[in-house]
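Enquirer: Structure incoming, see below.
Taken together, the values in this text are just the output of simple stated rules run on the coordinates, not laboratory data. Note that this is a predicted model, so its numbers are computed, not measured. Here the Cβ positions follow ideal geometry from the backbone for every residue, glycine too, while neighbour counts run over all protein chains shown.
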Amino acid sequence: MSYKEFIEQQREEYPVLNEIAEVLSSDEKKNILVYSHDDPDGVAAAAILVRYLERAGHDYQVELPHTFELETDRVKGLLKEKGDQYDAIFIMDKGTLTQYDELTEVIEPVVVIDHHYTAGEPEDCLLYNPDGACCTGLQSHMLVNLVDETSDLDDFLALVALRSDWTIMPLKGIIPDFVEPFYEEVKDEWQNLLKPIKSRPTWMEIDQREETLLLNQISELYFAVSGGGFQYFYGDRDEELAQLDATELCFDEMLALDGSESALKGLSTLEDMIALSDRSDLVERIFDYFKSDWEWSLELFESAFHYGQLGPVDLYLFTGEDTPLMPMVGSVKLGKISRQHDDKPTVMVMANNDSEGGGHFSFRAVGDKIHLGRIADILSNQLAEEYNAPDMITGGGHALAAEVKIFLEDIEMAIPVTRLIEHLNKLYELAQAVEAGELDEAELEEAIELGLSYLE
Ligand SMILES: [Mn+2]
């Protein structure tokens, strides 16, 4: 199936796409407010959309706030300040949340473009969250194709978004069905990004460190510049960087590639890519800070230790304070540990205290024997209830990767870490009891619910 046919098929399956196309159409001039996620996928999605809005002659404003979920009060505040000047709002790559319905009281239509799992859909918004593994960069590319044509730079940005969000893993030949029509259409044009090279491995090379792709390196560069959705910024050590919003820099850099399409297709090294940048001095400095933080964090991870065995899985625990790039470095360390043990299923649990306030737990796995999303979900709900702060303690994820983030600045880690250890210990004791054949049917069910999915 061609990419065009695939988009038509999506249009039939999701008639809301016709309504969204209507909002974007160039029949009358509009002013569109765009909120997108502050990670490479969200930034690329916004860039692809905005490139179209410019061509169509629409006005727009882009906001890339440093939270994943868009707080409705943030939007209401902006609208109060700016008055009634927008014809629509787009919320991109920022979760599919029922609370977005509230916004229809202050602006309509509310268009939600997202690919994350949702427990409940907003009903009054124009929502496009299709079945199948995709990312919002590709969704944005598809939307533009409903009303106009995309070009090489849009293809490039969509590839970066797909790789940054782990939707595609070309080095391992992993291209999900949803992405295949697009990927098949563009891959020959971008062989320079997609052929294996022996060069600096990125944080995406977890099961081996010998080869990488230029696409992976470029995605890592955009991760570094944007803060990656984890707000890893470098203003603490660089006066100039302290003065700017690096996610917006990333967005501007993507737009500034307009006109450099043939240079992009001729790229053979990451240095070439950095040299193409409008502000290559800044980009290079950010990337150097990123790399030195990476080396420092890798050293910190030497202290990760074997916590115990949960059935077929080795569980490792890492704790630290102000650990930079924690989940990415932890993933690479995890891959190394697993390889040293004949690719044994392994889980890395990471806990970080932010000395400026707040905390962060990350969970990563090789093998899906333990459901990390369930653990993060249970812990974040428990802590949110205990602190009565559902907006400030969030968490979740999937089987292989999950997070718990605590944004309460005055929090001490005693209770969160205790709850984490209590949960891990419960899993440990249940796993021991399973080995001893001591669990009845109901207890087995509970063990699975708590995360021991290898018992399913
Ligand atoms: Mn995304």
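Enquirer: Counting only other residues whose beta carbon sits under 10 Å from that of GLU409, what net charge do I get with K and R as +1, D and E as -1?
Expert: Charge balance in the 10 Å sphere: -3.
Enquirer: Rounded, prolate or oblate: pick one for region 304-455, where a ≥ b ≥ c are the square roots of the eigenvalues of its C-alpha gyration tensor, a/c under 1.5 means rounded, and failing that, prolate if a/b is larger than b/c, else oblate. Write down the numbers at each step before the final one.
Expert: On the way: a/c = 2.12, a/b = 1.28, b/c = 1.65.
Oblate shape, in that a/c is at least 1.5 and b/c is the bigger or equal ratio.
Enquirer: Only four residue types carry charge here, +1 at the Cβ of Lys and Arg and -1 at the Cβ of Asp and Glu. Report the dipole size of region 193-242 about the Cα centre in Debye, rounded to the nearest 20.
Expert: My answer is approximately 260 debye.
Enquirer: Can you tell me how region 232-302 classifies by the Cα gyration tensor, rounded, prolate or oblate, using a/c under 1.5 as the rounded cut?
Expert: Oblate, since a/c reaches 1.5 and b/c is not below a/b.
Enquirer: Can I ask one more? Stokes-Einstein at 37 °C, 0.692 mPa s, Kirkwood radius from Cα pairs: D for region 135-209 in µm² s⁻¹?
Expert: So the translational diffusion coefficient is about 249 µm²/s.
Enquirer: Something else about it: What is the angle, in °, between the Cα long axis of helix 152-164 and the longest principal axis of the Cα atoms in the chain? Nearest 10 is fine, range 0 to 90.
Expert: Approximately 10 degrees, to the nearest ten.
Enquirer: Further, regarding this structure: For ASP39, ASP27, what ranking results if the residue with the fewest other Cβ atoms within 10 Å of its Cβ goes first?
Expert: Ranking ASP39, ASP27 by Cβ neighbours within 10 Å, fewest first, gives ASP27, ASP39.
Enquirer: Apply the Karplus parameterisation 6.51 cos²θ - 1.76 cosθ + 1.60, with θ equal to phi minus 60°, to every residue of region 267-283 and state each ³J(HN,Hα) to the nearest whole Hz, in sequence, with x for glycine and proline.
Expert: In residue order, the calculated couplings are 4, 10, 9, 5, 4, 4, 5, 4, 5, 5, 5, 5, 10, 4, 4, 5, 4 Hz.
Enquirer: Now for a separate question. With N set to the number of residues, divide the alpha-carbon radius of gyration of region 312-357 by 2.2 N^0.38 Å and report two decimals.
Expert: Cα Rg divided by the expected 2.2 N^0.38 Å: 1.27.
Enquirer: For the chain, what does -39500 (n - 2.57) per DSSP helix run (n ≥ 4), summed and divided by total residues, give at 222 nm, in deg cm²/dmol to the nearest 500?
Expert: One gets -14000 deg cm²/dmol as the mean residue ellipticity at 222 nm.
Enquirer: Separate question: Would you mind telling me the antiparallel percentage of the DSSP bridges in region 304-455, rounded to 5? Can you show the working numbers first?
Expert: Details: 24 of 32 bridges.
Taking every DSSP beta bridge within region 304-455, about 75 percent pair in antiparallel fashion.
Enquirer: Among GLU184, GLU239, which comes first, then next, by fewest other beta-carbon atoms within 10 Å?
Expert: GLU239, GLU184
Enquirer: Related question: How big is the charge dipole of the chain about its Cα centre, in debye rounded to the nearest 20, if each Lys and Arg gets +1 on its Cβ and each Asp and Glu gets -1 on its Cβ?
Expert: Dipole about the Cα centre, nearest 20: 1260 debye.
Enquirer: Give me the Debye-computed log₁₀ of I(q)/I(0) at q = 0.15, 0.22 Å⁻¹ for region 120-167, equal point scatterers on Cα only, no solvent, two decimals.
Expert: -0.46, -0.83
Enquirer: Which listed residue (ALA351, MET328, LEU244) has the Cα farthest towards the positive end of the charge dipole for the chain, taking +1 on Lys and Arg C-beta and -1 on Asp and Glu C-beta about the Cα centre?
Expert: Positive-most Cα among the choices belongs to MET328.
Enquirer: Further question on the same structure: Just to check I understand the Karplus step: with θ = phi - 60° and J = 6.51 cos²θ - 1.76 cosθ + 1.60, what whole-Hz values come out for region 438-449, glycine and proline as x?
Expert: Per-residue couplings from phi come out as 9, 9, 8, 3, 5, 5, 4, 4, 5, 4, 5, 4 Hz.
Enquirer: Using the number of other C-beta atoms within 10 angstrom as an exposure proxy, rank MET1, MET169 with the fewest first.
Expert: On the way: MET1 11, MET169 17.
The fewest-first ordering by Cβ neighbours comes to MET1, MET169.
Enquirer: Relative to the longest principal axis of the C-alpha atoms of the chain, give the angle of the C-alpha long axis of helix 72-82, reported between 0 and 90° and rounded to the nearest 10°.
Expert: Roughly 30 degrees, rounded to the nearest 10.
Enquirer: Let me check the size of the chain from its C-alpha atoms; what are the radius of gyration and Dmax in Å?
Expert: Cα radius of gyration and Dmax of the chain are 22.3, 71 Å respectively.
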